[in-house]
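Just below is one structure, and these are the notes that go with it.
The values are calculated or read from the model by the stated rules, or taken from the named source; none is laboratory data. All of these numbers come straight from a predicted model, not from anything done at the bench. When we count neighbours, we look across all protein chains shown, and the Cβ atoms used for this are built from the backbone with ideal geometry, even at glycine.
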Amino acid sequence: MVNPLVERPFWETKTLAEMSAAEWESLCDGCGRCCLIRFEDEDTGEVIPTRVACRLLDGDTCQCTRYRHRKRYVPDCIKLTPQNVGELKWMPPSCAYRRIWEGKGLAAWHPLISGDPDSVVRAGISMRGQTISERELERPEDAIDYEASDLLDDGG
Ligand code: SF4
Ligand code: SF4
C-alpha cells in the first residue's frame with residue numbers, strides 16, 4: 001500500500017515547465033555529454049556523438065570555462081529550456097532533461113537519487129577525463145575519427 005505521507009519528488013510531479021529555476025538547474029548532472037561534437041548521418045538522420053569536446057569544455061571538470069560569455073566564442077551553443085528540450089534531438093539520451101521529457105524519469109545513478117555527485121562518474125555517464133578538445137584537432141572534420149556510438153545509450 002502506498003504511504004500517502006511520503007511526498008513524491010518534484011521531478012515526478014512537475015513538468016519541466018512547472019519547475020522552479022533551482023529545480024531545473026538541479027536536474028543537470030554535469031555529465032558534459034551535451035558539449036560533445038556530433039555528426040548527423042545524411043541517410044538516416046541519426047545523430048552520432050564523438051568524444052571530441054567543444055573548445056570551451058574543461059575535460060577534467062566537464063564545466064564550460066566561459067559559460068556566461070560562451071556565445072562570443074561558440075555562437076551556435078544553444079541554451080536548453082523547457083520549450084526547446086523536445087526539439088533538440090541531439091541531446092544525449094542519458095540527459096536528465098531528455099529522459100524526463102520522454103517520460104523515463106531519472107536513472108538510479110542521478111545525483112538527485114543517489115545523493116552523490118560522483119555516482120555519475122562511477123556509472124560511466126560523466127565524460128570526465130574521457131574527451132579530447134576540438135582545439136587539439138588538425139581539422140574540424142577529424143572529429144569523426146572519435147565517433148562514440150556507445151554514448152547513444154540512455155544510461156538505464
Ligand atoms: S547532457 Fe544534460 S545532464 Fe548532461 S551536462 Fe548536458 S544538460 Fe546536464
Ligand atoms: S560553449 Fe560551453 S556550454 Fe556551449 S557547448 Fe561549449 S562547453 Fe558546452
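Working only within the stretch 97-118, note down all residues that are away from ligand 2 (no atom under 16 Å from the Cβ), in a helix (DSSP H, G or I) and touching a helix residue (DSSP H, G or I) at 6+ places or on another chain (Cβ under 7 Å).
First, pick out the residues of the stretch 97-118 that are away from ligand 2 (no atom under 16 Å from the Cβ): 99-118.
Applying the additional criterion that residues be in a helix (DSSP H, G or I) yields 99-101, 111-114.
Once the filter is applied, which keeps residues that are away from ligand 2 (no atom under 16 Å from the Cβ), in a helix (DSSP H, G or I) and touching a helix residue (DSSP H, G or I) at 6+ places or on another chain (Cβ under 7 Å), the stretch 97-118 yields I100, W101, P111, L112.
For the stretch 60-68, check the following and say yes or no: at least one residue is in contact with a strand residue (DSSP E or B) (Cβ under 9 Å, 6 or more places away or on another chain), buried (at least 18 other Cβ atoms within 10 Å of the Cβ) and outside any strand (DSSP E or B).
yes
Hey, any hits in the stretch 35-53 for a residue that's part of a loop (DSSP other than H, G, I, E, B), within 11 Å of ligand 1 (Cβ to nearest atom) and touching a Leu at 6+ places or on another chain (Cβ under 7 Å)?
Quick first cut of the stretch 35-53, residues part of a loop (DSSP other than H, G, I, E, B) only: 41-46.
Add one more test, that the residue is within 11 Å of ligand 1 (Cβ to nearest atom), and what stays is none.
No, the stretch 35-53 contains no residue that is part of a loop (DSSP other than H, G, I, E, B), within 11 Å of ligand 1 (Cβ to nearest atom) and touching a Leu at 6+ places or on another chain (Cβ under 7 Å).
Quick one: in the stretch 78-122, which of the residues that are surrounded by fewer than 17 Cβ atoms within 10 Å (Cβ to Cβ) and touching a strand residue (DSSP E or B) at 6+ places or on another chain (Cβ under 8 Å) is modelled with the highest pLDDT?
Taking the candidates together, the pick is W90.
Any idea which residue in the stretch 123-156 is surrounded by the fewest Cβ atoms within 10 Å (Cβ to Cβ), counting only those that are of a type in the set (K, R) and in a loop (DSSP other than H, G, I, E, B)?
The first filter runs over the stretch 123-156 and keeps only residues of a type in the set (K, R), leaving 128, 135, 139.
Subsequent filtering for residues that are in a loop (DSSP other than H, G, I, E, B) retains 128, 139.
Values: R128: 17, R139: 6.
Taking the candidates together, the pick is R139.
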